[in-house]
Amino acid sequence: MNPYQAMIARRWKAAAPYSALFELTYVCNHACSFCYNCPTGEKELGTEQVFEALRKIADFGVLFLTLSGGEPLCRKDFFAIAAEARRLHFAIRVYTNGYLIDEAVAERLAEEVRPFEMEISLHGARPGTHEALTRVPGSFVNLVAGVRALRKRGIKVLLKTPITKMNMSELREMKVLADDLGAGIHFDPVVTPKDDGDQEPLQMGADEAFLKRWWSDEFLDVREEKVPVRRDDREIAAVCGTGRSGFAVDPYGNIYPCVQWRRKVANILEISSLRDVWKGSPVLAEVRRVAEEIPRTTLKNSDVGEFTAFCAGVAWLQTGDPTRMYPQAELTARIRKKAYLEIRARSDAGEAIGEMANVFEKCGE
Amino acid sequence: MGEMTGPDDPRPPRRNPAAGFRVFEGEATIVLPDGSYIQVLNETGSRIWDLLDGSRGVKAIAAVIAEEYDIAAEAAERDVREFVEELARHRMLERP
């Protein structure tokens, strides 16, 4: 364990969060059909209120700050907010659709924001596929130009792609595109429900037949996880970092244990310090208890528990019970376990296969 | 970003303003945007990092370290100089 990993482990155990995701706005210039945001119509935080929130987050010791949305660059005061985040010595990540990033914006990002990473949503290798999801003509061309402008200035870019029925035949092309742009790419085979529990987005997720192909050797060249990894909950008992390693703040200032599990903890403008809320919140106490319970019960009692990437927030949205196994998690785990056992059999038969001992990186790690 | 500095630069060294950092249990974790370099410093290194605000030179920082950690001034200056050199090598310092 290197010093960084040791620091992360200590903070997990102490439930001392090191990352925060701040949804600066739900305004967006795209109309993605599976967007999980659910604006309430309340007034979003103004510039000074965002500054106040950032100061409280910094005072709490949070290092990694993700500026997200909606589309964060839609805020006219985005660069003022990012400058304040810089002044407060956050390590900044920006999660964007890339539509507004031209040469001038890329220059400002490089000079004024200096993010350690830009994460950009890519939904297809071709304009037609990408724009069928974003529903904005020109969004693909803008994204590609934006990534080039960022890379030209040495900014690290990670493309993020939820695998859907619409783009699952273009994954290899997207990998080629990412390589050409000098960007990383992360494919996520799981589509999540909307924040209000609406499960319509799940209809767009890749089907079982594709998931079986995804976990076979067919996609070894584009898949980060070469061998399906297993869980290891011995060192850190919690199923994930919800309410522990990080938290999320919405555009109205509401604090949640994580971006997926939206049980309101408090409003950041109504508290004097995050430290007090973090210690005393009954919501967080419950969330942490549940997160520790899941590996001991739900996953232990499942024959595929060891291979399950379990999200308490999704379980809560889909079943009303954060500890209950939900269909997507079980199906994916079953396919991953089968793929693992096949690979292990090949390994036992003498085939040289690396990464057999790798374990899950927990969500929020 | 401005030009990087080294320990022999007559101007006081200063933390790279593009660095994100926090101190947890006495240890500073530093993240640089260029290549997303992450470094965790031990307690003494974290104290030196804290002092690298551009207002003190290496000698002045070494004097603080010598006093706080009860070590000889000469040894402190050598250690601080080496440490600042390493930070500069990793582009963690900048001229004010």
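The values are calculated or read from the model by the stated rules, or taken from the named source; none is laboratory data. Quantities reported herein were computed from a predicted structural model and do not represent experimental measurements. So basically every Cβ, Gly included, is an ideal-geometry build from the backbone, and we count neighbours across all protein chains shown.
Observations on the model:
- Condition met for A:Ser281 (hydroxyl-bearing (Ser, Thr, Tyr) and farther than 23 Å from A:Ala91 by Cα): yes
- Considering only residues in the range A:160-206 that are in a helix (DSSP H, G or I) and at pLDDT below 85, the one that is nearest to A:Ala132 (Cα to Cα) turns out to be A:Pro201.
- Tally of residues being touching a Phe, Trp or Tyr at 6+ places or on another chain (Cβ under 7 Å) and part of a strand (DSSP E or B) across the range A:72-97: 3
- Across the range A:65-94, the qualifying residues are those that are under 21 Å from the mean Cα position of the chain (by Cα) and without any contact (Cβ under 8 Å) to a residue 40 or more places away in the chain, and the one among them that is farthest from A:Tyr18 (Cα to Cα) is A:Leu73.
- Test: residue in the range A:295-303 that is surrounded by 17 or more Cβ atoms within 10 Å (Cβ to Cβ), of a type in the set (Lys, Arg) and assigned to a helix (DSSP H, G or I): no
- Residue pairs meeting the criteria (Cβ under 6 Å; at least 6 apart or on separate chains; first in a loop (DSSP other than H, G, I, E, B), in the range A:6-18; second of a type in the set (Gly, Ala, Ser)): A:Pro17/A:Ser245; A:Pro17/A:Gly246
- Just one of the numbered conditions (1) more than 14 Å from chain B (Cβ to nearest Cβ); (2) surrounded by fewer than 15 Cβ atoms within 10 Å (Cβ to Cβ); (3) within 20 Å of A:Ala149 (Cβ to Cβ) is not true of A:Ala31: (3).
- Only a single item in (1) in a helix (DSSP H, G or I); (2) touching a residue at least 60 places away in the same chain (Cβ under 8 Å); (3) of a type in the set (Gly, Ala, Ser) is not met by A:Ala106, and it is number (2).
- The residue that is farthest from A:Trp215 (Cα to Cα), counting only those in the range A:266-282 that are in contact (Cβ under 8 Å) with a residue 40 or more places away in the chain and part of a helix (DSSP H, G or I), is A:Leu269.
Let's see how each residue does on (1) crowded, with 20+ Cβ neighbours inside 10 Å; (2) within 12 Å of chain B (Cβ to nearest Cβ); (3) closer than 28 Å to A:Arg288 by Cα; (4) aliphatic (A, V, I, L, M):
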residue: A:Ala20; (1), (2), (3), (4): yes, yes, yes, yes
residue: A:Thr25; (1), (2), (3), (4): yes, no, yes, no
residue: A:Tyr36; (1), (2), (3), (4): no, no, yes, no
residue: A:Ala53; (1), (2), (3), (4): yes, no, yes, yes
residue: A:Gly61; (1), (2), (3), (4): no, yes, yes, no
residue: A:Leu73; (1), (2), (3), (4): yes, no, no, yes
residue: A:Val94; (1), (2), (3), (4): yes, yes, yes, yes
residue: A:Glu107; (1), (2), (3), (4): no, no, no, no
residue: A:Ala110; (1), (2), (3), (4): no, yes, no, yes
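- Subset of the range A:145-154 [crowded, with 22+ Cβ neighbours inside 10 Å and either outside any helix (DSSP H, G or I) or within 14 Å of chain B (Cβ to nearest Cβ) (or both)]: A:Leu150
Each row is one residue, and each column tells you yes or no for (1) among the aliphatic types (A, V, I, L, M); (2) within 17 Å of B:Pro12 (Cβ to Cβ); (3) in a helix (DSSP H, G or I).
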residue	(1), (2), (3)
B:Gly45	no, no, yes
B:Ile48	yes, yes, yes
B:Ile65	yes, yes, yes
B:Glu74	no, no, yes
B:Arg81	no, yes, yes
B:Val84	yes, yes, yes
B:Ala88	yes, yes, yes
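- Per this entry, A:Lys165 is not counted among residues that are touching a Phe, Trp or Tyr at 6+ places or on another chain (Cβ under 7 Å) and among the charged types (D, E, K, R).
- Residues that are surrounded by fewer than 20 Cβ atoms within 10 Å (Cβ to Cβ), at pLDDT 90 or above, more than 7 Å from every other protein chain (Cβ to nearest Cβ) and over 18 Å from B:Asp79 (Cα atoms), drawn from the range B:4-24: B:Val23
- In the condition set (1) polar (S, T, N, Q); (2) surrounded by 14 or more Cβ atoms within 10 Å (Cβ to Cβ); (3) in contact (Cβ under 8 Å) with a residue 24 or more places away in the chain, A:Ser347 is compliant with all but (3).
- Some residue of the range A:230-240 being within 16 Å of the chain's Cα centre (by Cα), assigned to a loop (DSSP other than H, G, I, E, B) and modelled with pLDDT of 95 or more: no
- Residues that are surrounded by 13 or more Cβ atoms within 10 Å (Cβ to Cβ) and among the hydrophobic types (A, V, I, L, M, F, W, C), drawn from the range A:1-18: A:Met7, A:Ile8, A:Ala9, A:Trp12, A:Ala15, A:Ala16
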